[in-house]
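The values are calculated or read from the model by the stated rules, or taken from the named source; none is laboratory data. Keep in mind it's a predicted model, so treat the numbers as computed, not measured. So basically every Cβ, Gly included, is an ideal-geometry build from the backbone, and we count neighbours across all protein chains shown.
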Amino acid sequence: METDQKISAEMTIAEILSSFPQQSQRLAQAITSAGLNCVGCNAATWETLEGGMLSHGMARTAIEALVRKLNDILAEKTDPTTISLTPRGAKKFMEIAAEEGLPGAALRFGDTAGGCSGFEYILDFSEQKEEDDEEFESNSVRIHIKKGMVERLMGSLIDYVDGLQGSGFKVSNPNVKSSCGCGKSQGY
């Protein structure tokens, strides 16, 4: 999604998330990781980014750093015709695969019915492509997806984040129409 619009500290959290729906999952993760834990609960999405951070005792330098990070997310190029891993996500996947004794394994990516919004993502190891798989490659990692899931997952970007709310793989999927407040499930 090409955009000239930028995020500013004066925008409300709701405005940020609704203005950039295809990146809203990653933007929400960045905001939550910065210490604004009210993103998913709708309790304070009407606050400006600046107001929320100041009310949590954060310095102006932290506000400026978060605004830069959010705009960096908007500037990242995504490809709606494939499944992608960020360089950080690919590196972490390869590290975990090596630790598990599966160097060279592919990433099995999918979703399954579950959670409060309908579907939960599946990330696992795949030692071999199956007959009903479609294969993608990103940052030297092969990605296997069941053909019946490709339409829902196409355009997804898989990242690995370390944050105040824990570490793990985070998926940003432009096909998501709704998600639960905890970010564990989504609907299409």
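Values for this structure:
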quantity	calculated
Filtered residues of the range 130-150 (kept if assigned to a helix (DSSP H, G or I) and more than 22 Å from residue 77 (Cβ to Cβ))	147, 148, 149
Tabulated pairs, the range 74-85, first surrounded by fewer than 20 Cβ atoms within 10 Å (Cβ to Cβ), second in a strand (DSSP E or B), C-beta under 6 angstrom, 6+ apart or interchain	78/157; 82/136
Top-ranked residue in the range 90-129 [being among the small types (Gly, Ala, Ser) and part of a helix (DSSP H, G or I); ranked as farthest from residue 142 (Cα to Cα)]	98
Residue count, the range 113-129 (criterion: more than 16 Å from the chain's Cα centre (by Cα), without any contact (Cβ under 8 Å) to a residue 24 or more places away in the chain and surrounded by 11 or more Cβ atoms within 10 Å (Cβ to Cβ))	3
Flag if residue 61 is within 30 Å of residue 149 (Cα to Cα) and at pLDDT 85 or above	no
Verdict on residue 8 being in a loop (DSSP other than H, G, I, E, B) and either modelled with pLDDT of 85 or more or surrounded by 18 or more Cβ atoms within 10 Å (Cβ to Cβ) (or both)	yes
Some residue of the range 92-102 being closer than 20 Å to residue 23 by Cβ and surrounded by 14 or more Cβ atoms within 10 Å (Cβ to Cβ)	no
